Amino acid sequence: MSENISILGLGLMGTALAESLLAAGHQVTVWNRTPAKAEALAAKGAKQAATPEEAVAASPFVIVCLLDYPSVLATLDGIPLDGRIIANLTTGRPKEARETAAWVAERGGEYLAGGIMAVPQMIAQPGALILYSGSKTAFDRYEGALAAMAQPRFTGTDPGMAPLLDLAMLTGMYGQIAGFLEAAALARSAGFPLAEFESSLLTPWMVAMAGQQSGWAEKIDSGDHSTEVSNLEINRSGLENIVRAFREQNVKPDLLLPLKAIVDQRTARGLGHEGLSGLAEELA
Ligand code: NDP
């Protein structure tokens, strides 16, 4: 079914979103602070709005994808939102999303917060995911259109949920990046070819180890951190060894040190017999 959809924000991501909706046959109205970025989309059939107000007036469903939440509020300020669903796919914090949902409701609109788990090149491709939270009615009404951009996943009626899960997933990614950078620095310090280390050793190892984390959620939820894999004491000793090796190779272990500190803290409490999942208790 073809929908009328407006998009505010034609940066790299907003442009990819607009293109995917146009390609799926929707009637798309676009607005961007710098109007030139709308020209290519206009050539593909999008209507170009001169102001954000005009764009909001053009469609009942309005997707916003700007730099940050302050730019979203500044852009929507003073615009009547009666009968409008605002799907804000701008990355933000849970608190900002809850406040913005209330702000939109005060102006007569419904709110969906989004968290885009994709880079622009992945939009409309398999593997792209967008998390949503807030108005379930709005999600259900537009789920079909949302699916043109990426797999849509509703995560709850708390508007803060999608941004929170977005940040949680990014946190996992940054942990991976930290591990990758430290591992690469150590391999390089001994002159091992980095491309070979990455493709034939590190990446397959990281993928295999990611699979080992299944079951952790149950342990953390239950508080039963018993293990038959490797206990904290072994990991404490392993991290000690790694950090010493880094220093002997003149490489900084700085990204590993916070993890080592928390392992040391937990074992110092006499909990070295537990598995690594027990570290979650130190973060609560
Ligand atoms: P860009 O930097 O490419 O685009 C930023 C957009 O915000 C532009 O449309 C820009 O307008 C607009 N903008 C900035 N400040 C203001 C303002 N004060 N008032 C009005 N408009 C403003 O960023 P992306 O498109 O990559 O990212 C947009 C959102 O998508 C961000 O929240 C980002 O975190 C999120 N996202 C991006 C991903 C990515 O890989 N790119 C991945 C997942 C989420 P102008 O053109 O006039 O400068």
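General observations
- Where Glu248 falls short, out of the listed (1) touching a helix residue (DSSP H, G or I) at 6+ places or on another chain (Cβ under 7 Å); (2) on the phi < 0 side of the Ramachandran plot: (1)
Results for (1) in contact with a Pro (Cβ under 7 Å, 6 or more places away or on another chain); (2) hydrophobic (A, V, I, L, M, F, W, C); (3) farther than 17 Å from Asp166 by Cβ, shown as yes or no for each residue.
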{"position": "Asn32", "(1), (2), (3)": "no, no, yes"}
{"position": "Pro35", "(1), (2), (3)": "no, no, yes"}
{"position": "Ala42", "(1), (2), (3)": "no, yes, yes"}
{"position": "Glu54", "(1), (2), (3)": "no, no, yes"}
{"position": "Arg84", "(1), (2), (3)": "yes, no, yes"}
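- Matching entry among Ala36, Ala49 (being within 13 Å of the ligand (Cβ to nearest atom) and more than 26 Å from the chain's Cα centre (by Cα)): Ala36
- Screening Ile85 against (1) in contact with an Asp or Glu (Cβ under 6 Å, 6 or more places away or on another chain); (2) within 15 Å of the ligand (Cβ to nearest atom) leaves a single unmet condition, (2).
- Residue among Ser277, Ser230, Ser237 that is in contact (Cβ under 8 Å) with a residue 24 or more places away in the chain and either within 29 Å of Val119 (Cα to Cα) or over 28 Å from the mean Cα position of the chain (by Cα) (or both): Ser230
- Flag if Ser226 is among the hydroxyl-bearing types (Ser, Thr, Tyr) and more than 20 Å from Gln176 (Cβ to Cβ): yes
- Yes/no for Ala97 being over 22 Å from Gln125 (Cα atoms), of a type outside the set (Val, Ile, Thr), in a helix (DSSP H, G or I) and away from the ligand (no atom under 13 Å from the Cβ): no
Bear in mind that the values in this text are calculations on the coordinates, not laboratory data. On a predicted model such as this, the values are computed, not experimentally measured, just so you know. As a convention, Cβ positions derive from the backbone with ideal geometry for all residues, glycine included, and neighbour counts pool all protein chains shown.
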